[in-house]
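What follows is calculated from the coordinates using simple rules that are stated; it is not laboratory data. Note that this is a predicted model, so its numbers are computed, not measured. Cβ sites come from the backbone with ideal geometry, for glycine too, and all protein chains shown count toward neighbours.
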Amino acid sequence: MAEDRHRQTSKYTLDRNMPGAFEGETVSRRRFMTGTVHAAGGIAAAAFTLPALGFAISPIFKRLPFSWQIIGTPADFTETAYVTKVITIVQGIGEAGKSIAYVRKRWPAVDTEPLNRFNHYVALSSRCMHLGCPVRYVEAAERFICPCHGGVYNFRGMVAGGPPVRPLDRFYMLERNGYVYLGPRYSVNSELQRFSPRDPGEPLDGIGQYLYPARFDTSVLPSTKNLPLPPKITP
Ligand code: FES
């Protein structure tokens, strides 16, 4: 009985009466092959899955580079009308990296979102929040119109009709040294609360803000160090 128990608990396959056992062998060939096949399958699955997973979630951790840019002086802007400004949204690729922002001074009678040091000016992105077509400001109607699928935004850039899922994105703005600076883009929900920038088609109201998670790059306010110097005025 004691010998049987010893045989059962022995590490040798021969002691455990395993079919095809060899003397001195601790793992049966069947178990070894099974383990090898499982390990190979695991490696193959990881080789397919990990790159796809990394591709899917890496944008969440991506830090978007940004730099402040001078877009004019305070005298260039009024409260009641938008000025169209060509801005650089991707550095170093020339015209392809340029876009349009619609800029005006904050109008306290209309702009009721809380005042902070970055919103003394309102700068709206021209990218439609349905699928990204460029919107156009129609001054007579005080509306932003998207030509692609009929999206309409009101004077503050909030959705007034059509398929866009959230208001037009905005830019951090700053007035320093007698110049107006435009900073990185951020997104807003229908109450104009600020979120890190999302892509078109990603709603930010209700569950949308969780379905389309924030990137970590603008969860903090942008640094205002190293603002570009104003252009030198030559006499
Ligand atoms: S892209 Fe603007 S409404 Fe569709």
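Data for the structure
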quantity	calculated
Quarter of the Cα convex hull surface for the range 69-211, i.e. its orientation-mean projected area (nm²)	8.9
Peptide ranges 188-196, 92-100 listed from the most packed, as the mean C-beta count within 10 angstrom indicates	188-196, 92-100
Between 0 and 90°, nearest 10: helix 29-61 axis offset from the chain longest Cα axis	10
Relative contact order (%) - criterion: Cα under 8 Å, at least six apart; region: the chain	15
Euclidean distance of C-alpha centroids, the range 24-56 and the range 163-210, integer Å	46
